[in-house]
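Notes for the one structure printed next.
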Amino acid sequence: MNKALKKHIVFVLVIILWIVTAWLLYPLINLDSVDMGNAKEYLYRSAIGITMMVIFFGKSIIDLFFPQVTFKRVPLINTILLAVYSFALAGGIVFMVSRVIIMYLRSQKSGFLF
């Protein structure tokens, strides 16, 4: 298999995984319009999405500290962009976890979550 074709396949798979993650986390972004009757479903769905974000974060941190290129230096721009990406992921994880906590506290008022 061609090396360029492998890179394209990996790129498409990562984009598909990010689309699935965005779909899983969508109820947390629109938390005001979420029906608290379905809060348990949204909690599990969000937990899977946050888990996927943590996996992406772990992969980016490993790529940042242990680059795959062993014989060449990694370009500085790649390192900077990967660090920015890692910080953005960390911020997104914190934001999503705080939204889950808000959803949990709202459901405690109505008693629907568990």
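The values are calculated or read from the model by the stated rules, or taken from the named source; none is laboratory data. This one's a predicted model, so the numbers in the text were calculated from it and none came from an experiment. Positions of Cβ are generated from backbone atoms using ideal geometry, with glycine treated the same way; all protein chains shown enter the neighbour counts. The accessibility values were calculated without ligands, DNA or RNA, using every heavy atom of the protein model including side chains. Shrake-Rupley method; radii C 1.70, N 1.55, O 1.52, S 1.80 Å.
Out of curiosity, is LEU76 over 22 Å from TRP18 (Cβ atoms) and either open to solvent by 70 Å² or more (accessible area, probe 1.4 Å) or not β-branched (Val, Ile, Thr) (or both)?
Working: over 22 Å from TRP18 (Cβ atoms): yes; either open to solvent by 70 Å² or more (accessible area, probe 1.4 Å) or not β-branched (Val, Ile, Thr) (or both): yes.
Against the criterion (over 22 Å from TRP18 (Cβ atoms) and either open to solvent by 70 Å² or more (accessible area, probe 1.4 Å) or not β-branched (Val, Ile, Thr) (or both)), LEU76 qualifies.
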**OP:** Any residue in segment 61-77 that's farther than 20 Å from ALA90 by Cβ: show its pairings with residues that are of a type outside the set (A, V, I, L, M, F, W, C) and at pLDDT 75 or above at Cβ separation under 8 Å, as long as the two are six or more apart or on different chains.
**Re:** VAL74/PRO67
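For every residue, the table says whether it meets (1) within 16 Å of VAL97 (Cα to Cα); (2) surrounded by 12 or more Cβ atoms within 10 Å (Cβ to Cβ); (3) modelled with pLDDT of 90 or more.
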| residue | (1), (2), (3) |
| --- | --- |
| LYS3 | no, no, no |
| LYS6 | no, no, no |
| LEU28 | yes, yes, no |
| ASN38 | no, yes, no |
| ALA47 | yes, yes, no |
| GLY58 | no, yes, yes |
